[in-house]
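Report on one structure; see the data block that follows.
The values are calculated or read from the model by the stated rules, or taken from the named source; none is laboratory data. Every value quoted in this text rests on a predicted model; they were computed, and no experiment measured them. Glycine also receives a Cβ, built like all others from the backbone with ideal geometry; neighbour counts cover every protein chain displayed. Keep in mind that these areas ignore ligands, DNA and RNA; they rest on the heavy atoms of the full protein, side chains included. Shrake-Rupley method; radii C 1.70, N 1.55, O 1.52, S 1.80 Å.
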Amino acid sequence: MKLMDKAVLVAQHIGGQVHLRSLRDAFASLMPFFVLAGLMVLLNNTLLKPDGILSGFVNPLRLTEIQTIGNSVVNGSLNFISILIAAAGAYHLCQNKNYQNAIAPVLLSVSVVVIFMPETVHLTALISQQPVEVTGGISFASTGSAGMFVGILTGLMVTSLFIRLAGNKRLQVNISGGAIPPAVINSFNTLIPVMLTMIFFAAGSFAIKTLSGLDVNTLIATLIQQPLKSVTTSLPGFLFITTVANLFFSVGIHQGVISGAVLDPFLLNNMQENTLAFAQHQEIPNIICMAFKDTFGVMGGSGNTLGLLIAIFIFSRKKDYRDIAKMATAPCLFNISEPIIFGLPIVFNPALIVPFVLAPVFSLTIAYYATAWGWINHVTVQIPWTTPPLLSGFLATGGDWRAAVLQGVLIALTVMFYLPFLKFAERVAMAQATHS
């Protein structure tokens, strides 16, 4: 119990850490962009394909023209994610630190992301198909998923430094007058902190380039992003973090405290890479990504509790269990498991904690190897996490019915996995009721 208490305190500290909390809030704010981009890619590669379903009714050239709508949405979301995450991270950090003038660090963060970008970009010439260097351009390689970690760090570091400088009254330029708009007053108050912050990061970028010969984007990707990504999104690392997150949920601490801050940035990065590869008809690079976790590890909610719900309806004789299951059915179909987690309860219930923690590991491992062996398509479309099971498997894999079938099989196996623990939990509950 002492060890568990210490673990709970650590989890609470992680969840309460202002930068991690701001990062989690930033990704939540950007989720509509991810979902919309995924839906556009799905439409472009199904209904709107020149040789697809509508080709017999609509001119293929017209379908190709219509696809540009979806392509522009992808360019404004997934291919611009480093800018968006920097702005969102800066805004939420201001909110969590109760700093009122959020517009200044948001704009400053966007500016510094551009400062960190390489001065020359490598492009492929349209006619010769040869690589060429272009000066003064910005590439999607810098603003897209490859630069996402730069955007994360920039938004948090720039805002932290700016708020510290802006709090120094000696650096404020105070002007007064009843006719002066508040925006002008705020602008002058932050004038020196903005300049100092931008100069600081510009000088840092220059120093890194001079000493290492690499721009900030490349250096961060090489030293930080790729090593962390290889650990967190490898199968052992992914399963370990998922297990720890669900273990904390079983003692009342939401799993998002762990996975939201530690895992989700890398899962979303993988998700973007998969979506862009799918849109460009290239080989899909990643098995583990954000929608993969939601599709196969959150069927019915955390702990794959849809299997537990079905097991209660079929096998349970306890009226209170069945009553709770009836109330939890509608939320569970949309992957919301809190009613059954706290109502049954699963929290602090040793008999049900074991399957709650291990059922997602079991399902995710099977789904991983089913994907690796080519039994189902890779997950390539970011769908809302509330999409019901079976439909989610079909949509997330770009319309692969085999993924929906696999979900059905996994749900059935999860029912059998939960069953002995459910029976044991019932016996414990009955014994406690007898002695009370």
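Looking for whichever is in contact with a helix residue (DSSP H, G or I) (Cβ under 6 Å, 6 or more places away or on another chain) and closer than 18 Å to Asn246 by Cα here; the options are Leu352, Leu358. Which one fits?
Just one listed residue meets the conditions, Leu352.
Let's see how each residue does on (1) within 26 Å of Gln382 (Cβ to Cβ); (2) modelled with pLDDT of 85 or more; (3) in contact with a helix residue (DSSP H, G or I) (Cβ under 8 Å, 6 or more places away or on another chain); (4) surrounded by 15 or more Cβ atoms within 10 Å (Cβ to Cβ):
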{"position": "Met4", "(1), (2), (3), (4)": "no, no, no, no"}
{"position": "His13", "(1), (2), (3), (4)": "no, no, no, no"}
{"position": "Gly16", "(1), (2), (3), (4)": "no, no, no, no"}
{"position": "Ser29", "(1), (2), (3), (4)": "yes, yes, yes, yes"}
{"position": "Asn59", "(1), (2), (3), (4)": "no, no, no, no"}
{"position": "Leu78", "(1), (2), (3), (4)": "yes, no, yes, yes"}
{"position": "Ala104", "(1), (2), (3), (4)": "no, yes, yes, yes"}
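Is there a residue in region 411-423 that is within 25 Å of the chain's Cα centre (by Cα) and not polar (S, T, N, Q)? Yes, there is a match, as at least one residue in region 411-423 is within 25 Å of the chain's Cα centre (by Cα) and not polar (S, T, N, Q). Just to be sure I understand the filter: pairs with C-beta atoms under 6 Å, separated by 6 or more residues or on different chains, first member in region 276-288 and in contact (Cβ under 8 Å) with a residue 40 or more places away in the chain, second member among the aliphatic types (A, V, I, L, M) and assigned to a loop (DSSP other than H, G, I, E, B). Which pairs pass? These pairs meet every condition: Ala277/Ile284. Within the option set Leu39, Leu54, being at pLDDT below 80, surrounded by 14 or more Cβ atoms within 10 Å (Cβ to Cβ) and either touching a helix residue (DSSP H, G or I) at 6+ places or on another chain (Cβ under 8 Å) or of a type in the set (A, V, I, L, M) (or both) holds for one residue only, Leu54. Contact map, region 79-101: residues that are farther than 25 Å from Leu276 by Cβ and of a type outside the set (S, T, N, Q) paired with residues that are modelled with pLDDT under 90 and surrounded by 22 or more Cβ atoms within 10 Å (Cβ to Cβ), Cβ distance under 7 Å, separation 6+ or inter-chain. Pairs shown: His92/Ser22; His92/Ala26; Leu93/Ser22. Select from region 162-214 the residues that are touching a residue at least 40 places away in the same chain (Cβ under 8 Å) and of a type in the set (A, V, I, L, M) and write down the one among them that is most open to solvent (accessible area, probe 1.4 Å). Checked region 162-214; the qualifying residue most open to solvent (accessible area, probe 1.4 Å) is Met198.
When the residues of region 223-273 are narrowed to those that are crowded, with 19+ Cβ neighbours inside 10 Å and small (Gly, Ala, Ser), which ends up modelled with the highest pLDDT? If we take residues in region 223-273 being crowded, with 19+ Cβ neighbours inside 10 Å and small (Gly, Ala, Ser), then Ala245 is modelled with the highest pLDDT. Only residues that are over 21 Å from Leu306 (Cα atoms) and out of contact with any helix residue (DSSP H, G or I) (no Cβ under 7 Å at 6 or more places or on another chain) were counted across region 361-399, and they come to 6. Screening Ser82, Ser72 for residues that are surrounded by 15 or more Cβ atoms within 10 Å (Cβ to Cβ), in a helix (DSSP H, G or I) and modelled with pLDDT of 85 or more leaves exactly one candidate, Ser82.
With respect to (1) more than 23 Å from the chain's Cα centre (by Cα); (2) surrounded by 14 or more Cβ atoms within 10 Å (Cβ to Cβ), the lone exception for Phe334 is condition (1).
Scan region 403-414 for residues that are surrounded by 15 or more Cβ atoms within 10 Å (Cβ to Cβ) and of a type outside the set (S, T, N, Q) and jot them down. Selection gives Ala403, Ala404, Val405, Leu406, Leu410, Ile411, Leu413.
Residue-wise test of (1) modelled with pLDDT under 75; (2) within 24 Å of His92 (Cβ to Cβ); (3) among the small types (Gly, Ala, Ser); (4) outside any loop (DSSP other than H, G, I, E, B).
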| residue | (1), (2), (3), (4) |
| --- | --- |
| Ser142 | no, yes, yes, yes |
| Gly147 | no, yes, yes, yes |
| Ile152 | no, yes, no, yes |
| Gly155 | no, yes, yes, yes |
| Val158 | no, yes, no, yes |
| Ala179 | yes, no, yes, no |
| Ile185 | yes, no, no, yes |
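Evaluate the following for Thr365: is it outside any helix (DSSP H, G or I) and either under 29 Å from Phe34 (Cβ atoms) or at pLDDT below 95 (or both)? For Thr365, the condition - outside any helix (DSSP H, G or I) and either under 29 Å from Phe34 (Cβ atoms) or at pLDDT below 95 (or both) - is not met. Take the conditions (1) at pLDDT below 90; (2) among the small types (Gly, Ala, Ser); (3) surrounded by 13 or more Cβ atoms within 10 Å (Cβ to Cβ); Ser128 misses just one of them, which is (3). Residues that are open to solvent by 20 Å² or more (accessible area, probe 1.4 Å) and part of a loop (DSSP other than H, G, I, E, B) were ranked within region 287-306; the one that is modelled with the lowest pLDDT is Val298. Regarding Ser363, is this residue open to solvent by less than 30 Å² (accessible area, probe 1.4 Å), within 20 Å of Val244 (Cα to Cα) and of a type in the set (S, T, N, Q)? So Ser363 fits the description; yes.
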